[in-house]
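The values are calculated or read from the model by the stated rules, or taken from the named source; none is laboratory data. Since we're looking at a predicted model, the values are computed, not measured. Positions of Cβ are generated from backbone atoms using ideal geometry, with glycine treated the same way; all protein chains shown enter the neighbour counts.
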């Protein structure tokens, strides 16, 4: 079985993200449309309902370096958030977040964002006290 080259995979993700073909609760796209290496991305997660994240919009930075998709992207929250898998600089810690820890080449940025949103809605996290809305790292 042949592997899809990095750029093809990223172009596929870009098209899906730009056309809004994924889940409505998240979005993602290139930080700079002129980034021919498709390395720097922005992500957005709308907080899940019935949680302390409800009606909040979280901004993230995603870096898909040259080893993506063989290795997971580096994910960092720009918006402050209190989650066990996020350090005090906003970085999503690989060892604390199963999707990154058990990364599969078939995963995408959409997978990561949806799993982070699911983590926000989990019973153990949905009532965690959150930083003031609009605060950033």
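Check 88, 55, 102 and return the single one that is at pLDDT below 95, farther than 22 Å from residue 17 by Cβ and loosely packed, with under 13 Cβ neighbours inside 10 Å. Steps first, answer last, please.
Numbers: 88 fails: at pLDDT below 95; 102 fails: at pLDDT below 95.
Only one candidate qualifies: 55.
Any idea which of (1) over 12 Å from the mean Cα position of the chain (by Cα); (2) modelled with pLDDT of 95 or more is the one residue 133 doesn't satisfy?
(2)
Spot the failing condition for residue 126; the list is (1) under 15 Å from residue 61 (Cα atoms); (2) surrounded by fewer than 19 Cβ atoms within 10 Å (Cβ to Cβ); (3) touching a helix residue (DSSP H, G or I) at 6+ places or on another chain (Cβ under 8 Å), and only one is missed.
Evaluating residue 126 over (1) under 15 Å from residue 61 (Cα atoms); (2) surrounded by fewer than 19 Cβ atoms within 10 Å (Cβ to Cβ); (3) touching a helix residue (DSSP H, G or I) at 6+ places or on another chain (Cβ under 8 Å) leaves (1) as the failure.
If you check every pair at least six apart or on different chains, which have Cβ atoms under 6 Å apart with a residue in region 1-26 that is closer than 13 Å to residue 70 by Cα first and a residue that is modelled with pLDDT of 90 or more second?
9/69; 10/38
Under 9 Å between Cβ atoms, which residue pairs at least 6 apart in sequence (or on different chains) link something in region 121-137 that is on the phi > 0 side of the Ramachandran plot with a partner that is surrounded by 10 or more Cβ atoms within 10 Å (Cβ to Cβ) and assigned to a strand (DSSP E or B)?
134/79
Could you list all residues from region 1-24 that are surrounded by fewer than 15 Cβ atoms within 10 Å (Cβ to Cβ) and assigned to a loop (DSSP other than H, G, I, E, B)?
Of all residues in region 1-24, those surrounded by fewer than 15 Cβ atoms within 10 Å (Cβ to Cβ) come to 1-5, 7-8, 11-12, 15, 18-21, 23-24.
Of everything in region 1-24, those that are surrounded by fewer than 15 Cβ atoms within 10 Å (Cβ to Cβ) and assigned to a loop (DSSP other than H, G, I, E, B) turn out to be 1, 2, 3, 4, 5, 19, 20, 21, 23, 24.
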